[in-house]
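Okay, so here's the structure we're looking at.
The values are calculated or read from the model by the stated rules, or taken from the named source; none is laboratory data. Predicted, not measured: the structure shown is a model, and the values here were computed from it. Neighbour counts run over all protein chains shown; Cβ positions are idealised from the backbone, glycine included.
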Amino acid sequence: MSSFQPADISWIASPQALDQACAQVADASVIALDTEFFRENTFFPVPALIQFSAGTQAFLVDPLATPCTDAFRDLLQNQAIKLLHACSEDLEVFQLWAGVLPSPLIDTQLAQGFLGDNPGMGYQKLVEAWVGTSLPKEETRSNWLERPLTAAQCEYAALDVIYLLEVWAKQRDELQRLDRLDWLESDCRQLIAQAGRSDDNDTQWYTRQRQLWRLTAPQLAAYQLMTTWREGETRRRDLPRNWLISDKRLMAIAEAMPTNRYELARVEGMTPPLVKKEGDALLGFVKQATHLPVEALPTPWPDPMQPAFKRRFKALKKVINGHATELGVAPEVLMRRRDVEALVMQSLVGSPLSLPLGWRGERLNVDLTKALEEQAE
C-alpha cells in the first residue's frame, strides 16, 4: 500500500481569489467538494473550511475571511458533477454559507453502498480500497476554526478532495458495468430534495423514537407536536437539540401527559429552569393533543414484541435479505429498518402501504406485498 503524495494547495482568503479559483475549474466535468465545520454548541454547523478540486490542485477557502461569491454559487450549480463523501452535514454547510446546494450531486459513500456490503465506509478506507493509498488520520479531530491552520491540517483537508476524484472514476466504471449508475443518481437527487425540506422533516422527527409502541394515540400526538416544536426552536435559537430538551425527556412527558407545572416538574429529567422557561409551551402541546378529535389522532404503533408483528417483520426481512444477497449489497441499502417496521405497522392497521419507489420498488414491491399477504392469511 502506497503513502499519499503531497497536494498542490491554494489558500483562498478573499472574494477575488475565490473568483479566480472558480474560473480555473469552471470547465471541469467533475468537481470534488468537502467542508470542515464546528458544531458542539450550535444547531447549525459553523463553517470553518471549504475545499474543492478538479484535478491535482486543491483550493482551501477560508469562510471566516471570505463570503461566498456569485462565481462560487454558479460553480456549485453548473453542469459539472459535484462529488462529496457522506454529504449530509456538508450540504448544511453549503446551504448556510453559499445559500445553495451543490448539484448535480454524487455521494461516494452512497456509491459504495451499491458496490459492496459496507454502505457506511469512511473516506480513508474508501481511498485505501480503491486507490491503495493510506491517508494520514492525525487531523481528524482538529480545531478547524483556529487560524492559521497548520501545514498538516491543510494537507489533510486537501487530500479529502484530491483522492475523491480518483475514487469516483473507479466507482463509476464499476457502477456502469453493473448497470447501477441510474440507481445512484436517483438516490443522490433525493438527497438534494430532502436537504431542502426542513419543515417537513421536523414533523417526522418523532418516527425516530424506537419506543413509540408504548404510547396511546393522544400520547403519540403530544410527542409528535413536542418534537416538531423542538426541531423548529433549536433551529430558530441555533442550539443543539439536547441543550433545549432531549427526545428522552419529551417521551417521558408524553407518557405522563401532565396537566400543570407541578405534574410537569415531577417528570423524570425535568429541572426547575426547564419547567420555568419551556413549561407553558410543553403543557400547551399536551393539552392540544388531549383535545384532538378521534379522527385527527395518529394511529398507535403496534407492539414489535407481538407475534403478528414479529412474523410480518421476519417475512419482509427475508425478502430484503434475499435481494441484497443477490445484488451483493447490505440489506439497509434496499430498505432501512424503520421503513420495514412502518410497512409492518401499516399492514397490521390496514392503512395504505408506503412501499419503496423507483428502482427499489421495481425490484422489491411484488415480493414485499406477497409476503405481507401470506402472513395475513
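Run down Q204, Q176, Q219, Q209 and say which single residue is over 21 Å from the mean Cα position of the chain (by Cα), of a type outside the set (K, R) and in the same structural domain as F285 (by TED's automatic domain parsing). From the options Q204, Q176, Q219, Q209, the qualifying one is Q219. Residue selection: R261 satisfies the criterion of being surrounded by fewer than 19 Cβ atoms within 10 Å (Cβ to Cβ), free of Cβ contacts under 8 Å to residues at least 60 places away in the same chain and in contact with a Gly (Cβ under 6 Å, 6 or more places away or on another chain). Residue count for region 264-273 under the criterion of being in a helix (DSSP H, G or I) and either surrounded by 13 or more Cβ atoms within 10 Å (Cβ to Cβ) or not assigned by TED's automatic domain parsing to the domain that holds Y223 (or both): the result is 2. Filtered by the rule that a residue be out of contact with any helix residue (DSSP H, G or I) (no Cβ under 6 Å at 6 or more places or on another chain) and among the hydroxyl-bearing types (S, T, Y), region 141-184 gives T150, Y156.
Does region 303-323 contain any residue that is within 26 Å of G232 (Cβ to Cβ) and aromatic (F, W, Y)? Scanning region 303-323 turns up no residue that is within 26 Å of G232 (Cβ to Cβ) and aromatic (F, W, Y).
Scanning region 279-293 for residues that are of a type outside the set (K, R) and without any contact (Cβ under 8 Å) to a residue 40 or more places away in the chain yields a count of 6. K276 - would you say it is touching a residue at least 24 places away in the same chain (Cβ under 8 Å), basic (K, R) and in a helix (DSSP H, G or I)? When the stated conditions are applied, K276 does not pass them.
The rows are residues; the columns are (1) in contact (Cβ under 8 Å) with a residue 60 or more places away in the chain; (2) over 23 Å from the mean Cα position of the chain (by Cα); (3) under 20 Å from D117 (Cβ atoms).
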residue: L297; (1), (2), (3): yes, yes, no
residue: A315; (1), (2), (3): yes, yes, no
residue: S351; (1), (2), (3): no, yes, no
residue: L357; (1), (2), (3): no, no, no
residue: L368; (1), (2), (3): no, yes, no
residue: A371; (1), (2), (3): no, yes, no
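So which residues in region 335-346 are within 16 Å of the chain's Cα centre (by Cα) and crowded, with 20+ Cβ neighbours inside 10 Å? The answer is M335, and nothing else. Residues that are among the acidic types (D, E) and in the same structural domain as R189 (by TED's automatic domain parsing): which strands (runs of 3 or more DSSP E) entirely in region 33-113 hold 1 or more of them? By residue number, 105-107.
Restricted to helices (runs of 4 or more DSSP H) entirely inside region 132-227, those with at least 2 residues that are in contact with a strand residue (DSSP E or B) (Cβ under 7 Å, 6 or more places away or on another chain) are 151-178, 181-195. Taken over region 134-183, the criterion of being farther than 20 Å from L83 by Cα, buried (at least 17 other Cβ atoms within 10 Å of the Cβ) and polar (S, T, N, Q) is satisfied by S142, Q153. Consider region 189-217 and keep the residues that are surrounded by fewer than 20 Cβ atoms within 10 Å (Cβ to Cβ) and over 30 Å from P104 (Cα atoms). The one that is modelled with the lowest pLDDT is R210.
Reported count of residues in region 357-377, each being aliphatic (A, V, I, L, M) and under 15 Å from L334 (Cα atoms), is 4. Taking the criterion of being among the aromatic types (F, W, Y) and either more than 30 Å from T234 (Cα to Cα) or without any contact (Cβ under 8 Å) to a residue 24 or more places away in the chain (or both), the residues of region 166-216 that qualify are W168, W183, Y206.
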